[in-house]
Amino acid sequence: GGGGPVDSAAEDGRPPAPERVLFPPTFSVSEIKNKQRRHFMFLRWKQQQRKEKLAAKKKRRKEREALGDKAPPKAIPKTIENQRVYDETTVDPNDEEVAFDEATDEFAPYFNRQTVPKILITTSDRPRGRTVRFCEQLSTVIPNSHVYYRRGLALKRIIPQCIARDFTDLIVINEDRKIPNGLVLSHLPDGPTAHFRMSSVRLRKEIKRKGKEPTEHVPEVILNNFTTRLGHSVGRMFASLFPHDPQFIGRQVATFHNQRDYIFFRFHRYIFKSEKKVGIQELGPRFTLKLRSLQKGTFDSKFGEYEWIHKRREMDTSRRKFHL
Amino acid sequence: SPFPFPPQVLLSKNYEKALEEIDENLIYWPRFIRHKCKQRFTKITQYLIRIRKLTLKRQRKLVPLRRKIERRENRREEKALIAAQLDNAIEKELLERLKQDTYGDIYNFPIHAFDKALQQQDAESESESDAEKEDDEEDTDKREFVEADDSDLSDFEDMDKLETSSEEEEEVEKKASHSKSKGKTPLKGPARRKRPYIEIEYEEETEPIAKTKAA
């Protein structure tokens, strides 16, 4: 029958009139041994919590509307970007020292428009399907770039030859089991070398879009979120890959977006539908990079002078600390 | 293994002399065992030679993957991707660049400014804006033809179709494409560029100009 005033032992998991059941105060849902009943009680508890939360929200909203303009401002939710540990090397846009450094470092000739970038793309030994195709697509994205096969040549011997032939940058795509997984980018006339771990590479045919191939126009470059000194130098490295004068007729843009130390590369074609609206259409490959090390000179694994290496034990300790 | 070990004999560095020394030292052993000994010696010398050759070439360093770390990094990458909201960020950046006039005169969207001017002073600003818009449209038309040389033929065909179509078709297409997708414009990319320039008020005035230019 319909439940008396109090169910004494309170082990009946499904009383037909739940509001009249009282449990001893030290009883919790997790103490019921029967899984089905425990599950049922837990669901009920959850629903109750949700109702209470909704009611509280409504009440708060009514209060806010009642107060009108005098209401306190909305609370900002905490995100990892908000809570990020403040990095001392964050670049202040007005910092003179940084500006001076940037005017005199290895990319100065590029930014002063004295050199035109010429890029050599190559892979590790014996590249397989995906890597080869990815190299080709990358060379269409980056203007003035050439792909050469490695055939067992040593990097240390390639580099002087490249410098002799006027190349400004060298990209080596490392491959593992037929998929590219690493990228070494070195600025040639004695410039810094950056070693990245590459992940989630999507070739052009795998991207869901209905666009055509990138044309030969020089794309624009967008560098997002490179805040620290290290980020700045990496950002300038990327910028120096592309010629300095983008052709706006082509309406192509290459984006390097840094988020929590992951650099996302995308290649889009944009179109301005109106003053406040722009449509973008993705074409070209996409990949993400994570910086592993930055060397001062050109690629040298033994005697190189490392400006920054990613040390897992020291740098990965906090979830809110990022280096780029 | 035998204990006490028989005394060790150091073979000479010369391959052939070493074979002879094996024969001398194992003089009373059966022929088969001597042969096997010499075979073993040959194999050892060969792989030592190969080692010495390989160390001179490029060594491939194998770095082991750490499963937990790989998984952690993949997870963080996904979350970073979601947090990044790339499309929005790119669109914002492009709009900002448009505002800051990095594109110069290629796009003319002074629609805001013109609307405000229209609201303030009706007749005068309208005539001025007409003249300016015509000039700008001429410029953009010219540029579009330059672009046609570079871009693909199919885009150009789309543009042609749009130019020759009537007002109604254009409006219908506009509504259809607006209802289709949110931000992206897959087809009719360059074609859509004409829309902002051709406002419904001015269409009758400017279309004949565009047609003559196309012809």
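The values are calculated or read from the model by the stated rules, or taken from the named source; none is laboratory data. Everything quoted here is computed from the prediction, not taken from an experiment. Methodologically, a virtual Cβ is constructed for each residue, glycine included, from the backbone with ideal geometry; neighbour enumeration extends over all protein chains shown. Just the protein is used for accessible areas: all its heavy atoms, side chains included, with ligands, DNA and RNA removed. Shrake-Rupley method; radii C 1.70, N 1.55, O 1.52, S 1.80 Å.
Which of the residues belonging to the stretch A:278-301 are more than 14 Å from chain B (Cβ to nearest Cβ) and part of a strand (DSSP E or B)? Write out each step before concluding.
Initially, the stretch A:278-301 is screened for residues more than 14 Å from chain B (Cβ to nearest Cβ), giving A:285, A:294-298.
Matches in the stretch A:278-301: A:294, A:295.
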Lone unmet requirement of (1) away from every other protein chain (no Cβ under 11 Å); (2) in contact with a helix residue (DSSP H, G or I) (Cβ under 7 Å, 6 or more places away or on another chain) for residue A:304: (2)
Criterion (within 30 Å of residue A:249 (Cα to Cα) and modelled with pLDDT under 85) met by exactly one of A:213, A:220, A:206: A:213
Elements of type helices (runs of 4 or more DSSP H) in the stretch A:64-173, at least 1 residues being under 30 Å from residue B:80 (Cβ atoms) and assigned by the TED database to the domain that holds residue A:255: A:96-104, A:108-111, A:129-141
Answer residue from the stretch A:218-261, given it is within 13 Å of chain B (Cβ to nearest Cβ), of a type in the set (D, E, K, R) and out of contact with any Pro (no Cβ under 6 Å at 6 or more places or on another chain) and is nearest to residue A:143 (Cα to Cα) among those: A:245
Top-ranked residue in the stretch A:123-134 [being away from chain B (no Cβ under 14 Å) and either open to solvent by less than 20 Å² (accessible area, probe 1.4 Å) or among the charged types (D, E, K, R) (or both); ranked as nearest to residue A:152 (Cα to Cα)]: A:128
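Against the definition (within 23 Å of residue A:307 (Cα to Cα), open to solvent by less than 60 Å² (accessible area, probe 1.4 Å) and of a type in the set (Phe, Trp, Tyr)), how does residue A:107 come out, yes or no?
Values: within 23 Å of residue A:307 (Cα to Cα): yes; open to solvent by less than 60 Å² (accessible area, probe 1.4 Å): yes; of a type in the set (Phe, Trp, Tyr): yes.
Spelling it out, residue A:107 is indeed within 23 Å of residue A:307 (Cα to Cα), open to solvent by less than 60 Å² (accessible area, probe 1.4 Å) and of a type in the set (Phe, Trp, Tyr).
Among the residues of the stretch A:181-191, is there at least one that is assigned to a helix (DSSP H, G or I), in contact (Cβ under 8 Å) with a residue 12 or more places away in the chain and buried (at least 18 other Cβ atoms within 10 Å of the Cβ)?
Within the stretch A:181-191 (the criterion being assigned to a helix (DSSP H, G or I), in contact (Cβ under 8 Å) with a residue 12 or more places away in the chain and buried (at least 18 other Cβ atoms within 10 Å of the Cβ)), the answer is no, since none of the residues qualifies.
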Selected residue (criterion: least open to solvent (accessible area, probe 1.4 Å)) from residues of the stretch B:50-99 that are within 24 Å of residue A:322 (Cβ to Cβ) and of a type in the set (S, T, N, Q): B:74
Residue list for the stretch A:30-63, filter: out of contact with any helix residue (DSSP H, G or I) (no Cβ under 8 Å at 6 or more places or on another chain) and part of a loop (DSSP other than H, G, I, E, B): A:33, A:34
